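Participant: One structure, pasted below without further comment.
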Amino acid sequence: MPELSTSVRYIKGIGEQRAKSLEKLRIFTLRDLISYFPRDYEDRRTFRKIRDLEPGETACVTAMAAASPTLNRVRKGMELVKVRAVDETGALDVTFFNQTYMRDHIRAGEHYTFFGKAEVQGSRRTMVNPLVERENSRTMTGRIMPVYPLTAGISQLTMTRSVEQGLAACRDLLPDPLPDEVRRDHQLCHTGYAYDQIHFPDDENTLAIARRRLAFEELFLLAIGMQVLSRRREELSCAPLRDLDLTAFYGSLPFSLTGAQQRAVDEILADLASGRPMNRLVQGDVGSGKTMVAAAAMVCAARSGRQTALMAPTEILAEQHYKGLAPLLEGLGIPCALLTGAARAKERRAVLEGLESGRLQAVIGTHALISPDVTYRDLGLVVTDEQHRFGVGQRSALSAKGERPHLLVMSATPIPRTLALMIYGDLDVSVIDELPPGRQRIDTFAVTGAYRPRIYKFLAREIAAGRQAYMICSMVEENGADDRKAVTEYARVLQEQVFPQLRVACVHGRMKGREKEAVMAAFAGGEADILVSTTVVEVGVDVPNATVMVIEDADRFGLSQLHQLRGRVGRGKHKSYCVLITDNRSEETLARMRVMAQTGDGFRIAEEDLRLRGPGDFFGRRQHGLPALKVADLSWDMALLKEAQQAARALLDRDPGLEDHPLIAQRTRELFEASEGTMN
């Protein structure tokens, strides 16, 4: 009798070879197999008589093979099998390209169901390469069929049959992590029914029932995990920081903090004095001054004799933070160092010694800060920048270097406050929704591709005046190969045909980290006039000399992402521009482009993105370091998320340690372990 942990190779009908192909999809066990959910569905329930087929219609036709199929070899490598099928209303000419086995599969005088796209020429009906099975078989036709993400060596048919075998093997093994009262209160079906119907639904209603059940389960386990983390934090205590006087800090600044910055600082000071470890997200638009808020917290830590570690996702960002913060901190008598993977051995040894001895009170760096050989004398504050680039586990690894240090995470992705409070269950949220005075507006234009010649002339004028430009290639999100090919080809055309006299560089997601950073650093250093890029520059180094951002196929991006990309320019004293190119004239696209042209307020844009597209755009595939969701989609499951959070809160109130619900504890642990072990 198989178990859910049984390797798929031992499931009837799969075997060694197919199991190797399934491993490419990260399907190793029976549980992996049945949890590999369809990405879409194809409705094959429409049946037509031959005469009633419409041009271009995809439908099922049940008809008799009027004669034996014929085989024609058109040329080397091209074989056609043709057969005429008939019903009482007419004849259907069916052609199969390079499917020679169909000649023996179809027998004259027998009835079959053909599923495919019909073409109509006068009274003649045809189908090319339809699916075929015997009448009344109904294994591939006459039903709703799942459509799975695939890999080489696995067809839809293979995947479908593998899942069918998997479900048949484990129907009686599936434990239900949801307690009976939760299922009853929220009108949810049993887990076995949900798995059957999510893969092979009887109709739209049963699919909706299954999807709602599995989405609720994911969100419930996510809510349990986040609330456990939050409750653990509330139970922790730590010594309050003893010196929160920021008079010298404020006096050292050549400007006054904005009201929003001051509000965030005050919230942080309250945390630091509370006797509980701070766990706060500071989110604010590009240029809103989050770093100065973090600097205030770093000064408080140092004045209280504690150390601070600030972790950035790239070496170039870490260096940028160091150059901006080190003079300020050292001017206040706070020794500061930079630690990245690029540090020479001698420099690294000096930094490690300074951190271990306590001589260094602040360190800024990359993942190097969580290396095993890095020891802090008294790490009291952890700051992470661009927090969505780090999983919760990486933040935890840095925090583990100290004794319950305070945690401050920063994000330049504006998220509507209601959504942030829902998602970041383990973090308090501060919002900096005000830009410093003098920050100039970036003029934004939405145009069609017909404007490219004018855009190129404008770019040439800006570069002749000593400026630089970004050009974003849109074909980036589907897979890495397209990413690399599209951006390098785009850059080649620009360099050879459009701007032969200029210096064009390119960067894409398939490049190694060091290689990527080297290109961006060279651009920042003025060694290239135009940087052609994918969205990897969405978060990057400041280039004050860059004044133009051109985004191709802007309709392919969410508003929040467009706003992030636009924020790469306008960082210096020169007037800056953003040009959005799209030939998509749909009402939704036009509405989104209008929002971008009308406002530079990231929070207003975020609210509009939430209204137009749902929350999915804020998080992308990785959900900002949270566990990946297979069924639930925050684009439309917000009401279900609230239900799940309420149910999780009620259950934890009754059973805080989950002693009476070991399966929930196990499944929650597994969900978070897949996203860097955050429940350990």
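The values are calculated or read from the model by the stated rules, or taken from the named source; none is laboratory data. These numbers were taken from a predicted model, which means no experiment stands behind them. Ideal geometry is used to build each Cβ from the backbone, glycine not excepted, and the neighbour counts take in all protein chains shown. SASA here: full protein model, heavy atoms, side chains in, ligands and nucleic acids out. Shrake-Rupley method; radii C 1.70, N 1.55, O 1.52, S 1.80 Å.
Participant: Give the Debye-formula value of log10 I(q)/I(0) at each listed q (0.21 Å⁻¹), with one equal scatterer per alpha carbon of the stretch 168-305, two decimals each.
Facilitator: -1.23
Participant: How about the stretch 225-300: which chymotrypsin sites (Phe, Trp or Tyr not before Pro) there lie in a loop by DSSP and see at most 14 other Cβ atoms within 10 Å?
Facilitator: F255
Participant: With an 8 Å cut-off on Cα pairs and a minimum separation of 6 or more residues, tell me the relative contact order of the chain in percent.
Facilitator: After rounding, I find 12 percent.
Participant: Take the residue pairs K290/K575; K323/K575; K512/K575 and return only those whose Cα atoms are more than 27 Å apart.
Facilitator: K512/K575
Participant: Could you list which residues have their amide H under 5 Å from that of L281, counting only those 5 or more apart in sequence or on another chain, with H placed in the peptide plane?
Facilitator: V409, D428, V429, S430
Participant: Can you list the lysines whose alpha carbon sits under 30 Å from that of K12, skipping same-chain ones fewer than 8 residues off?
Facilitator: Output for K12: K20, K24, K630.
Participant: For the stretch 1-116, what is the Kirkwood estimate of the hydrodynamic radius, computed as the reciprocal of the mean inverse distance between distinct Cα atoms, to one decimal in Å?
Facilitator: 17.5
Participant: Also: Looking at the chain, identify the longest residue range that excludes and avoids all GluC sites (Glu not before Pro) in DSSP loops having at most 10 other Cβ atoms within 10 Å.
Facilitator: Here the longest segment lacking exposed loop sites spans 111-477.
Participant: Just tell me which lysines come within less than 21 Å, Cα to Cα, of K82; anything on the same chain fewer than 8 places away is out.
Facilitator: In chain and number order, the partners are K49, K117.
Participant: Please check which bits of the stretch 256-288 a label hung off R441 would reach, taking the label as a point 7 Å along Cα-to-C-beta and the cut-off as backbone N under 20 Å.
Facilitator: Once the point is set 7 Å along Cα→Cβ of R441, 285-288 turn out to lie under 20 Å by backbone N, inside the stretch 256-288.
Participant: Sticking with this one: Please find the FRET efficiency linking N129 to R231, where r is the Cβ-Cβ separation and R0 is fixed at 60 Å, and quote it to the nearest 0.05.
Facilitator: Plugging the Cβ-Cβ distance into 1/(1 + (r/R0)^6) gives 0.55.
Participant: Another question, if that's okay. Cα centroids of the stretch 307-335 and the stretch 190-262: how far apart, whole angstrom?
Facilitator: When both Cα centres are located, 29 Å separates them.
Participant: For the stretch 1-137, build the charge dipole from Cβ charges (+1 Lys, Arg; -1 Asp, Glu) around the Cα centre, then report which of A63, V83, Q17 sits farthest towards its positive end.
Facilitator: So the residue we want is Q17.
Participant: Something else now. Please compute one quarter of the surface area of the Cα convex hull for the stretch 254-307 and express it in square nanometres.
Facilitator: Dividing the Cα hull surface by four gives the mean projection, 4.2 nm².
Participant: When the Karplus curve 6.51 cos²θ - 1.76 cosθ + 1.60 is applied with θ = phi - 60°, which whole-Hz ³J(HN,Hα) does each residue of the stretch 332-339 get, with x for Gly and Pro?
Facilitator: 9, x, 10, x, 9, 9, 10, 9
Participant: Here is a further query. For the pair T247 and K12, what calculated FRET efficiency results from E = 1/(1 + (r/R0)^6), where r is the Cβ-Cβ distance and R0 = 60 Å, to the nearest 0.05?
Facilitator: FRET efficiency, K12 to T247: 0.20.
Participant: Another question, then. Using the charge dipole of the stretch 220-353 (Lys, Arg: +1 at Cβ; Asp, Glu: -1 at Cβ; taken about the Cα centre), state which of A326, G259, A248 has its Cα farthest towards the positive end.
Facilitator: Among A326, G259, A248, the one farthest towards the positive end of the dipole of the stretch 220-353 is A326.
Participant: Same structure again: Which whole-Hz ³J(HN,Hα) couplings does the stretch 17-31 yield from phi under the Karplus relation 6.51 cos²θ - 1.76 cosθ + 1.60, θ = phi - 60°, glycine and proline marked x?
Facilitator: Each residue of the stretch 17-31 in turn: 5, 5, 4, 5, 5, 5, 4, 5, 9, 6, 10, 10, 10, 4, 5 Hz.
Participant: Quick one: Karplus J couplings for the stretch 487-496, per residue in order, coefficients 6.51, -1.76, 1.60, θ = phi - 60°, nearest Hz, x for Gly and Pro?
Facilitator: 6, 5, 5, 4, 5, 4, 4, 4, 5, 8
Participant: Right, another one. Indicate the gyration tensor shape class of the stretch 263-404 (rounded, prolate or oblate), computed on the Cα atoms with a ≥ b ≥ c the square roots of the eigenvalues: a/c under 1.5 is rounded; otherwise a/b larger than b/c is prolate and the rest oblate.
Facilitator: rounded
Participant: Give me the number: length gained by fully extending K323 to Q187, i.e. 0.36 nm times residue separation minus the C-alpha to C-alpha distance, one decimal in nm.
Facilitator: Once the chain is fully extended between K323 and Q187, it gains 43.3 nm.
Participant: How compact and how long is the stretch 439-590, expressed as Rg and Dmax of its alpha-carbon atoms in Å?
Facilitator: 14.3, 42
Participant: Is it possible to state the helix-based mean residue ellipticity at 222 nm for the chain, with each DSSP H run of 4+ residues giving -39500 (n - 2.57), the sum divided by total residues, to the nearest 500 deg cm²/dmol? What is it?
Facilitator: The per-residue figure over the chain is -12000 deg cm²/dmol.
Participant: Can you tell me which aspartates and glutamates have their Cα less than 19 Å from the Cα of K457? Leave out same-chain residues fewer than eight positions away.
Facilitator: D443, E496, D529, E552
Participant: Hey, can you grab everything whose amide H is under 5 Å from the amide H of L310? Only 5+ residues off in sequence or another chain; H modelled, so Pro and N-termini drop out.
Facilitator: Amide H neighbours of L310: V363, I364, G365, V383.
Participant: Please report the equivalent ellipsoid semi-axes of the stretch 108-207, computed as sqrt(5 x eigenvalue) of the Cα gyration tensor, largest first, in whole Å.
Facilitator: 36, 16, 13
Participant: Let me ask something additional. Does the stretch 32-178 classify as rounded, prolate or oblate by the C-alpha gyration tensor (a ≥ b ≥ c root eigenvalues; a/c under 1.5 gives rounded; else a/b over b/c gives prolate, otherwise oblate)?
Facilitator: Verdict is prolate for the stretch 32-178.
Participant: Quick one: accessible area per residue over the chain, 1.4 Å probe, rounded to a whole number of Å²?
Facilitator: For the chain, the solvent-accessible area averages 45 Å² per residue.
Participant: Then there is this: Hey, any idea what % of the chain's accessible area is carbon plus sulfur with a 1.4 Å probe?
Facilitator: That share works out to 49 percent.
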